[in-house]
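Everything below concerns the one structure shown next.
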Amino acid sequence: VQLQASGGGLAQPGGSLRLSCAASGMSVRFNRMGWYRQAPGKQREFVAVILSGGLTNYADSVKGRFTISRDNAKNTMYLQMNSLKPEDTAVYYCNVVYRAVDFWGQGTQVTVSS
C-alpha cells in the first residue's frame with residue numbers, strides 16, 4: 001500500500017486549497033480513509049474521515065469549511081479546504097487503515113498566511 005499526498009502550498013486567509021491522496025495497492029472505495037495534520041510543536045490531530053460506505057466525519061475545527069471526498073475511478077481521496085485560517089497551517093497526512101494496519105502518506109505542507 002502506498003499513499004501519495006499532494007496539493008499543499010501557500011494560501012491567504014479566507015482562501016482555498018485542495019489536497020489529493022493517490023492510493024495504490026488498495027481501493028479507496030472499500031476502506032476507511034482520513035486526513036490528519038500536524039502543526040509545529042503539536043501532536044498530529046484528526047481532520048476528517050470517509051468510511052467505505054461514504055459516511056464522513058470532521059473535526060469541529062474544520063466542520064463547515066473542509067470537505068473530504070474520493071474518486072473511486074482515480075483511486076484518489078481529496079480534501080477541499082475553504083475559508084482557510086492561519087491556524088490551519090500544518091503538514092497534512094493522508095491515512096488508510098488496511099487489514100488492521102495504518103498506512104500514511106508522506107505529508108504535504110499547508111501554510112496560511114497573508
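The values are calculated or read from the model by the stated rules, or taken from the named source; none is laboratory data. Here the structure is a predicted model, which is why all the values come from computation and not from measurement. Please note: Cβ atoms are built from the backbone with ideal geometry, for glycine as well, and neighbour counts cover all protein chains shown. To get the accessible areas, we keep the full protein, side chains included, count just its heavy atoms, and leave off ligands, DNA and RNA. Shrake-Rupley method; radii C 1.70, N 1.55, O 1.52, S 1.80 Å.
Data table
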{"quantity": "Protein accessible area in the stretch 1-76, 1.4 Å probe - carbon and sulfur %", "calculated": "47"}
{"quantity": "Neighbourhood net charge (13 Å Cβ-Cβ; Lys/Arg +1, Asp/Glu -1) for Asp60", "calculated": "0"}
{"quantity": "Two-site FRET efficiency, Ser114 against Ala59, from Cβ-Cβ distance with R₀ of 30 Å, rounded to 0.05", "calculated": "0.80"}
{"quantity": "Relative contact order [Cα under 8 Å, 6+ residues apart], the chain, whole percent", "calculated": "37"}
{"quantity": "Convex hull volume of the chain per residue (C-alpha atoms, cubic angstrom)", "calculated": "91"}
{"quantity": "Protein-only accessible surface order, largest first, of Thr108, Thr56 at 1.4 Å", "calculated": "Thr56, Thr108"}
{"quantity": "Net charge over other residues, Cβ less than 14 angstrom from the Cβ of Asn82 (K, R count +1; D, E count -1)", "calculated": "+3"}
{"quantity": "Bridge type composition, the chain - antiparallel percent by DSSP, nearest 5", "calculated": "95"}
{"quantity": "Angstrom value of the Kirkwood radius, inverse mean 1/r, which spans all Cα pairs in the stretch 14-80", "calculated": "12.6"}
{"quantity": "For Asp88, solvent-accessible area (1.4 Å; no DNA, RNA or ligand), Å²", "calculated": "0"}
{"quantity": "Counted charge near Gly107, where neighbours are those whose Cβ lies closer than 13 Å (Asp, Glu -1; Lys, Arg +1)", "calculated": "+2"}
{"quantity": "Residues in the stretch 73-90 that a label on Ala39 would reach, taking backbone N under 14 Å of a point 7 Å out along Cα→Cβ", "calculated": "84-90"}
{"quantity": "For Phe30, solvent-accessible area (1.4 Å; no DNA, RNA or ligand), Å²", "calculated": "140"}
{"quantity": "In Å², nearest 10: area of Leu55 left accessible to a 1.4 Å probe", "calculated": "120"}
{"quantity": "Among Gly25, Gly34, Gly54: highest mean-square fluctuation, GNM of the chain, C-alpha pairs under 10 Å", "calculated": "Gly25"}
